[in-house]
Structures are given as C-alpha cells and as structure tokens.
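This report concerns only the one structure given below.
The values are calculated or read from the model by the stated rules, or taken from the named source; none is laboratory data. Quick caveat, the model's predicted, so the values are computed rather than measured. A quick note on method: Cβ atoms are made from the backbone with ideal geometry, for glycine too, and the neighbour counts reach across all protein chains shown.
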Amino acid sequence: MRLSRSFLPTLKENPAEAQITSHRLMLRAGTIRQTAAGIYAWLPTGLRVLRHIANIVRHEQDAVGAQELLMPTMQSADLWKRSGRYDAYGPEMLRIRDRHERDMLFGPTNEEMITDLFGQAVKSYKELPQVLYQIQWKFRDEVRPRFGVMRGREFYMKDAYSFDLDHDSAVDTYRRMMLAYLRTFQRLGVRAIPMRADTGPIGGELSHEFLILAPTGESGVFFDSALEDQDWLGESVDLNDRASLERFFTGMTSFYAATDEMHDAAAWAKVPAERQREGRGIEVGHIFNFGRKYTESMDIAVSGPDGAPLYPEMGSYGIGVSRLVAAIIEASHDDNGIIWPASVAPFRAAIINLKNGDAQCDAICEKLYAAAPDDLLYDDRAERAGAKFADADLLGHPWQLIVGPRGAKDGKVEVKNRRTGERTEETVDAALALIAKIRA
Ligand code: 5CA
C-alpha cells in the first residue's frame, strides 16, 4: 500500500482518554477509533492485524480437527430460556425486542445455540466426537469497558465447542485444544502461560486460562519460568493417541502456574527460587470442560451403543482475538511505538523513500514495493525523513527498508530491524530476499 493514498490517521499527541500503553498506541497508530463506549471501528491497519491473528487461530484449530462454522450474532431468547441462563446471565446481556415483540439478544457466547445446532444434526454416538468453532463478534454490556479493545463491549472471539461420548474422550479433546492454544500463542509471537482456573458461572471442573504477562494485566500471576522455555511447535504429540496426549498434558501441568485466585503458597514454595516468576497477566484465552451441563438442561441426547439416550460431554474454548491485538502491544513495544511480531504485523515492512522524486530512490523503492504491494507499506509521502522514521517506528513494522540518495547511487538499501534497532546496508537483491522470507 502507498502511504500517500492510504487511510491511516496517525496522531502525534497522546490521546487523553487512553490510560494504558496499548490503547494509546492503537489510537496513535491509526488502528482503531471508538464509535461508542466500549465499541470500536477497526481501521485498515488494525483490521489487517485482527485478520492475521484470526488466521493463525483458525489454522491451529483446524490442525486439531475443529471445524469452522459461523453462527449469527443475534439470538432468540427462547434458546437461553431452555438452558435456564436467560434469567441467570444478568445485565451484561444486551436484550433486544424485535417488531413482533419477540425477545432477542446479541450473543455474549454461544453454548446454547451450538448445542441446539448439534442436537438437530447429530443423532448417534458414532458421530462423536465433534468440535466446532467460529470467529465472531460478541457483545457483553460490561459495567466498566476500559483500556480500549482490551475490555470492550463488542469484541471478537474465537469460540469452540466440543461434544464427546464420555469423560475420558472429553479429556482427550481438552488436551488437544490445550496444545492448539499453546501453538497458537507461540505463533503469534507471545508467551501466554496456561494457568489452572476457577470455572466461574460457566461451570465444570477442568479449566485453564492463558495469560500474557504485562504490568497492566488484571490478574496477579505466579508461575515457573520453565513454562516460558517450552517449544510447543516442536513438541511431537500424537493427537489420536490417549497416552501421548496424557504425557504432553502431565508434563505441561507439572510446572506451577496460577492466578492469584487459585494461588497455593505451599506448592509455590516448592518451585526453585530462581524459576519463580510473579507479575500481572492479561487473560487472552480460557478453556473449560463442563460435562453435561447444557446437553442435559436442553435435553440434547444421541443414541448410545445400546440404543439408550446418552448426553454428550461438552467443553468450550475461547480466545479473545480483538483483546490479543492490545495484549500483544502491551507485551511488545518501546518508547517509540509498537513492535509487531512479524506473524501478525499489518505489513511485512515499511519502505521509506527519503527523497521522493529522486530518480534512483524512486526506482529502488518501486522495485522493492513491486515484490509484495499488498503486504508492504511504501512511505512515498513528501514528508521530512524524521517524520517518516517516527511513523514507521510508531506503526511497528518488523522491518524498515530505508532508501536515500547516498545509498541509492550504489544500489544500496538500509535495513532496520525494529526490535533490535540494528541497521545494515544491503543490496537491493538482499532486501528483496528479506521481503520474501519475512512471513514465510
Ligand atoms: N464460552 C466461553 C468460551 S468459548 C467464554 O465465553 N469464555 S470467556 O468468557 O472466558 O471469554 C473468552 C475470551 O474472550 C477471554 O479469555 C478474553 O480473552 C475474551 N474476552 C472476554 N470478555 C472480553 C471483553 N469484554 N473484551 C475483550 N475481550 C474479552
């Protein structure tokens, strides 16, 4: 994209309404704008990041056998009356009446709807297990929406739901999902630590939260630093083998990790002091196994091996996709702006033309830009170099390809790594080779 033609409203000053770094930087870098309390429009660069995150999430869900579908945001209250949650959910649910006076709601989550869809389609135990997911907008009328998209009222969530024949099989599904989550966060370029969690109003016994460390996090966290050193992408687990899933899960849960709500001082004391990490964390994912809570309350059964009705065991698995955009920034920025992990960055790199109109500079920039015009941001504006550098740092592209008249004479490009600040002089071909491998 050519910056001179793009819709990218950056701000020089810190917006007064933003209290935390990620919110400030998201507004300043032109990724979002608030349209009502806790409700945001995603501007082109923000939408790019949101899509990149969603695609990584999608890929790792597919890899463990989950199937994507898309449910509506609007739901009928009747569904929720069947599970008993219509009254239980409280004022966070946005309730709406249609022109025929029917009670509707904007979905805060989808257990009821998916259970109903499952019940309409699946009749026999032979069709189990099933894991279904969507990436869809949710609405929760939070009392205090704050910190931008970190705690919004409308937010984007990946929600998956599983149906298994029995508890052991549901535990296998839970463990596969756990692995998918660890791989997802690693690919997103952040460390999200899984912690035993309270099951809260959703109910059930097996539950983990995934937290990204950041001083502005809402929960206190205690964990063994060994969890930060694991390579989940390299971990070989046979997804179809119960013993292999159990080995993985037992290994992972042998390391201490808990939020302040679940903290156990005695167990903590056994973690070697040099590996004890304490801090604050942002919840970016939450997985639950809650057994037959919805299949029983909504009377959704399949026929079992002996023909008798059987209520499947369920789990649900959420990732806060829009919250992740902010959480990644909390974990990855400096005084000059955002530092995007390459996997989610809006563009692979910025091309900075230091002298627009100079034949050599223009030619090199155009050649670099032609390599991936949809995935590079070419700063072709008639601005001072300083302003271009400041914007590139603010926007957080992992790489900057800087083309000035002095280097251009010799066919050279200056390449800056945003994270390390390191600059090297490269040939145009070397810069092209770099562009090709950034997101590969
Ligand atoms: N039905 C289950 C899992 S599918 C569920 O709704 N879980 S949840 O309530 O924990 O939400 C899942 C994730 O959505 C959370 O981990 C968090 O990352 C994100 N999330 C929840 N509320 C908000 C909010 N108000 N703003 C932004 N993200 C949110």
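Set side by side, the residues 303, 316, 322 differ, and just one is touching a residue at least 60 places away in the same chain (Cβ under 8 Å) and more than 26 Å from residue 218 (Cα to Cα), which is 303. Among the residues of the range 86-127, those that are under 28 Å from residue 142 (Cβ atoms) and among the polar types (S, T, N, Q) comprise 109, 110, 115.
Within the range 286-331, track down each residue that is surrounded by 20 or more Cβ atoms within 10 Å (Cβ to Cβ), away from the ligand (no atom under 15 Å from the Cβ) and modelled with pLDDT under 95. None - no residue of the range 286-331 is surrounded by 20 or more Cβ atoms within 10 Å (Cβ to Cβ), away from the ligand (no atom under 15 Å from the Cβ) and modelled with pLDDT under 95, so the list stays empty.
To keep it simple, each residue is scored yes or no on (1) within 29 Å of residue 212 (Cα to Cα); (2) buried (at least 17 other Cβ atoms within 10 Å of the Cβ); (3) in the same structural domain as residue 248 (by the TED database).
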site: 75; (1), (2), (3): no, yes, yes
site: 116; (1), (2), (3): no, yes, yes
site: 120; (1), (2), (3): no, no, yes
site: 125; (1), (2), (3): no, yes, yes
site: 139; (1), (2), (3): yes, yes, yes
site: 161; (1), (2), (3): yes, yes, yes
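The single condition from (1) under 21 Å from residue 59 (Cβ atoms); (2) assigned to a strand (DSSP E or B) that residue 177 fails is (2). Taken over the range 286-321, residues that are over 17 Å from residue 131 (Cα atoms) and in contact with a Phe, Trp or Tyr (Cβ under 9 Å, 6 or more places away or on another chain) amount to 8.
Scanning the range 131-160 for residues that are within 7 Å of the ligand (Cβ to nearest atom) and within 21 Å of residue 288 (Cβ to Cβ) yields 140, 142, 151, 155, 157, 159, 160. Would you call residue 198 within 13 Å of the ligand (Cβ to nearest atom), on the phi < 0 side of the Ramachandran plot and outside any helix (DSSP H, G or I)? Yes. Of the set (1) in a loop (DSSP other than H, G, I, E, B); (2) at pLDDT 95 or above; (3) farther than 20 Å from residue 174 by Cβ, all apply to residue 274 but (1).
From the list 367, 388, 416, 437, the lone residue that is of a type in the set (Lys, Arg) and in contact with a Phe, Trp or Tyr (Cβ under 8 Å, 6 or more places away or on another chain) is 416.
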